1. Considering only region 54-77, I want to know if a residue exists there that is among the basic types (Lys, Arg), under 19 Å from the mean Cα position of the chain (by Cα) and modelled with pLDDT under 95.
2. Given the structure, is Thr351 under 30 Å from Ala134 (Cα atoms), assigned by TED's automatic domain parsing to the domain that holds Met381 and touching a Gly at 6+ places or on another chain (Cβ under 7 Å)?
3. Quick one: is Arg409 among the charged types (D, E, K, R), surrounded by fewer than 23 Cβ atoms within 10 Å (Cβ to Cβ) and touching a Pro at 6+ places or on another chain (Cβ under 7 Å)?
4. Restrict the check to region 336-345 and report whether at least one residue is surrounded by fewer than 24 Cβ atoms within 10 Å (Cβ to Cβ) and either modelled with pLDDT under 85 or in contact with a helix residue (DSSP H, G or I) (Cβ under 7 Å, 6 or more places away or on another chain) (or both).
5. Find the residue count for region 116-132, including only residues that are crowded, with 24+ Cβ neighbours inside 10 Å, over 29 Å from Arg144 (Cα atoms) and not aromatic (Phe, Trp, Tyr).
6. Only one residue in Val312, Val347, Val341, Val359 is among the β-branched types (Val, Ile, Thr), in a helix (DSSP H, G or I) and over 30 Å from Leu138 (Cβ atoms), so which one is that?
7. Out of Ala177, Ala159, report the one residue that is outside the structural domain of Leu346 (by TED's automatic domain parsing) and either at pLDDT 85 or above or over 18 Å from the mean Cα position of the chain (by Cα) (or both).
8. Pick from Pro207, Pro166: which is surrounded by 18 or more Cβ atoms within 10 Å (Cβ to Cβ), at pLDDT below 85 and either of a type in the set (Val, Ile, Thr) or closer than 24 Å to Leu271 by Cα (or both)?
Amino acid sequence: MSEEAPGSRRAALPRAVWIYFTAVAFTGIGFIAAFTVGTVAIFVITESRGLTGLPAAIGTIGTAAGAALLSTIMARRGRRLGLLVGLAAGVVGGMLAVAALALTASVLPALLLLFGAFVGFGFANAAVQLSRYAAADLVAAVDRGRAVGTVVWAGTIGAVVGPNLPNLVSPSDGTPAVGDLMIGFAAVGLVMLAAMIVLAVFLRSEPPPSAPEPAESSGAVPLRVGEVLRLPGIRIGLIALVVSGISMIAIMSMTPVHLIEAGHGMSLIGLVLSAHTLGMFALSPVSGRLADRFGPVPVVIGGLAVVAGAGVLAAIAPASGGLVLITALFLLGFGWNLAFVSGSTLVARDTPAHIRIRVQGLTDAAVWSSAAAGSALAGVMLELTSYALLASVATGLALLAIGLVAVQRRAPVPAGA
């Protein structure tokens, strides 16, 4: 439990946390809108349904690479510069995507430009994802969950506005024309630019890029990355972030295919995915509050348990979908959110200051890399087996993770930590 006294009032979150919130909201809108437009754009360029998943895959890989590279910049030059570089890559991504659609007659150059665009969008996403750790560094230990949850909460805006942004800026009936898609990508670049301007103009203070290492005369030896990754809290955070992400994306990404094969249209798919994204982001402040109130580890276990339960519901849901599947996807999103917010809080809390940004970048690189692999493997499993078995495997992974967390919870802290 936290150290908050009964009846005490929580301190207001620093202004910088709300600046991060705004940047995440803008970037989330652009990132999700880019996937919405990109799926159609790659079909227009290649006339192949089989390649329509590539933008999402490349964007996820770009996020993993961006987390590793941008955290290096942040560790050396400060978080603010790393965030601005990542968002600048997103702005360039918008330009490259527009150029790709201007070259639809030349398939290979158009594809290369489009793939480069999604790497840029991935870098922008990586930058604002890392901002949740910056928010945690700005508050006292008892408020870190709340700060992380507040920044993640901004994803709700992206989830609601992002899929609709292309139609808002260029309404069209039927299949969008190339010009409509170009306008959509231009809008993505503009919201990325808006996020960049917010940070450049309003973000004046930030956590220091690193803390001084202990002096040699003190006899203390600063921990290295490998030693930090052996700390029980960091391992629990990694387990929570990676396993909840794999389980969530495996079920979520294959649910539309499952419903289409059962004869359903986009109306039910949209309803199910809306319930899922609502669970993923809308209750983030609740997750942060729980992590502060009861400690991150119990919330990690609770989140993984909710993910496991959601997998069971998805596996037994009738082919007609209905309320059972809607409930399953909502709980899947909420369970992921509990594990994501509390796992991030653990990583922010337990990483020594002198190496914090590097470890956080490596953590996010692992999270997004595993998400990309999980999405790809889920498609293969669905092709070879069934949706019910896929959901059951995701449940098994979440239950295995709970066992691993229980083991790490009792593990001794390595000497020197």
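1. Applying the first criterion (among the basic types (Lys, Arg)) to region 54-77 yields 76-77.
Those still in the list that are under 19 Å from the mean Cα position of the chain (by Cα) too: none.
No - not one qualifying residue is present in region 54-77.
2. no
3. yes
4. So far as region 336-345 goes, no, none of its residues is surrounded by fewer than 24 Cβ atoms within 10 Å (Cβ to Cβ) and either modelled with pLDDT under 85 or in contact with a helix residue (DSSP H, G or I) (Cβ under 7 Å, 6 or more places away or on another chain) (or both).
5. Of the residues in that region, 2 qualify.
6. Numbers: Val347 fails: over 30 Å from Leu138 (Cβ atoms); Val341 fails: over 30 Å from Leu138 (Cβ atoms); Val359 fails: over 30 Å from Leu138 (Cβ atoms).
Checking each option against the conditions leaves just Val312.
7. Only one candidate passes the filter, namely Ala177.
8. Values: Pro207 fails: either of a type in the set (Val, Ile, Thr) or closer than 24 Å to Leu271 by Cα (or both).
Checking each option against the conditions leaves just Pro166.
The values are calculated or read from the model by the stated rules, or taken from the named source; none is laboratory data. Keep in mind it's a predicted model, so treat the numbers as computed, not measured. So basically every Cβ, Gly included, is an ideal-geometry build from the backbone, and we count neighbours across all protein chains shown.
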